[in-house]
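The structure appears below as structure tokens.
The values are calculated or read from the model by the stated rules, or taken from the named source; none is laboratory data. Predicted model, so just to flag it, every value in this text is computed and none were measured. Glycine gets a Cβ as well: all are built from the backbone with ideal geometry, and neighbour counts include every protein chain shown. In case anyone asks, the SASA skips ligands and DNA or RNA and just uses the protein heavy atoms, side chains included. Shrake-Rupley method; radii C 1.70, N 1.55, O 1.52, S 1.80 Å.
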Amino acid sequence: MSIFRSVWMIINYKTIIVAALAIGSIYFCRYYNLHAEFPLTLVGIAIVFPVVFSIDSAYKRRERALNYLADMKAHMTSIYLAARDWEGANEAFSNEVQEMLIDLYKSVGKFLIHGDPDDMKREGKIVKRISKLSSKLQEFRSLGLQAGEVSRSNQYISKILVDVENIKMILKYRTPVTLRAYSKVFIYSFPLIYGPYFVAVSESYHPLLVFVMPLLFSFILVSLDNIQMHLENPFDQVGEDDIKLDDLDIRIAIGAGRGQVEA
């Protein structure tokens, strides 16, 4: 069933529109006896190559986002372990740090799922929580932690900030808008331009197979475009390959360090 669900994800109204354009173009060209054998290499150069390039770019962007999220969770876990295991620390202090880290991760997740990199309100909440966490870690000094170790904890805060900014840039700067527009123009115009070609090559086909090739081309091209669109924003929780941003991840990381999660 998962295969059918995945296939259904790449079929939408665009598939129907392009298929209808292909069928209409075939009828028109056959009615007016328009036929020509255009080179199919144009399809690969003008449509398939740009779309596949966009898919590869979006996939690599998703992989970088996963790396930054993994770094951020590792730094958060390191902060919690420092708060928990320092001999001068106490359970109340480590619990407060734990809740701050969970709230920070939640804020980052909501910001990314919301999908607006210019949302100053949600971004402000992230900055506010990082600031509170930084202030909280200064209590290490009163607990007797050495200055060098306090500095190391502050470095984890700095690294979290770097990870958040990197993820924000991935959210904001995606596949070039002009490239996406170019691909869409050719995908929608392809059935119309290549109507004479499909008429020419279908002269030796059975009448029931005349529309098979244009429909197949339409399905392939639109499906590739839909795959690219699903990968374009890896945080919107729409596609099956999106990055899951449940705060359970950080809870498990922190809980495992505390012995709360069974193997």
When you go through Pro234, Pro196 one by one, which is the residue that is touching a Cys at 6+ places or on another chain (Cβ under 8 Å) and open to solvent by less than 80 Å² (accessible area, probe 1.4 Å)?
Pro196
Which members of the range 199-208 meet the condition of being in contact with a Lys or Arg (Cβ under 9 Å, 6 or more places away or on another chain) and either open to solvent by 80 Å² or more (accessible area, probe 1.4 Å) or modelled with pLDDT of 85 or more (or both)?
Val199
Can you tell me how many residues within the range 131-150 are under 21 Å from Ala253 (Cβ atoms) and open to solvent by less than 10 Å² (accessible area, probe 1.4 Å)?
3
Search result, residues across the range 63-101 that are open to solvent by 20 Å² or more (accessible area, probe 1.4 Å), of a type in the set (A, V, I, L, M) and either under 30 Å from the mean Cα position of the chain (by Cα) or more than 15 Å from Arg251 (Cβ to Cβ) (or both)
Leu66, Ala70, Ala74, Ala82, Ala89, Ala92, Met100
Which pairs turn up if I take residues in the range 151-179 that are over 21 Å from Asp116 (Cβ atoms) and among the aliphatic types (A, V, I, L, M) and look for partners that are open to solvent by 80 Å² or more (accessible area, probe 1.4 Å) and outside any loop (DSSP other than H, G, I, E, B) with beta carbon separation below 9 Å, at least 6 apart in sequence or on another chain?
Leu179/Phe53
Note on the range 166-177: residues of a type outside the set (A, V, I, L, M, F, W, C) and loosely packed, with under 11 Cβ neighbours inside 10 Å are Lys172, Tyr173
Considering only residues that are of a type in the set (Val, Ile, Thr), part of a helix (DSSP H, G or I) and open to solvent by 30 Å² or more (accessible area, probe 1.4 Å), which ones fall in the range 1-23?
Ile3, Val7, Ile16, Ile17, Ile23
Among the residues of the range 48-62, write down those that are among the small types (Gly, Ala, Ser) and crowded, with 19+ Cβ neighbours inside 10 Å.
Ser54, Ala58
Just one of (1) closer than 26 Å to Phe235 by Cα; (2) of a type outside the set (Phe, Trp, Tyr); (3) open to solvent by 40 Å² or more (accessible area, probe 1.4 Å) trips up Gly115, so point out which.
(3)
Options Arg64, Arg5, Arg30; residue that is under 15 Å from Pro234 (Cα atoms) and either at pLDDT 90 or above or not aliphatic (A, V, I, L, M) (or both)
Arg64
Can you tell me which of (1) open to solvent by 20 Å² or more (accessible area, probe 1.4 Å); (2) modelled with pLDDT of 90 or more is the one Arg258 doesn't meet?
(2)
Show the residue pairs that are 6+ apart or on different chains and have beta-carbon atoms under 8 Å apart, the first residue being within the range 30-49 and of a type outside the set (Val, Ile, Thr), the second being modelled with pLDDT under 85 and open to solvent by 100 Å² or more (accessible area, probe 1.4 Å).
His35/Glu203
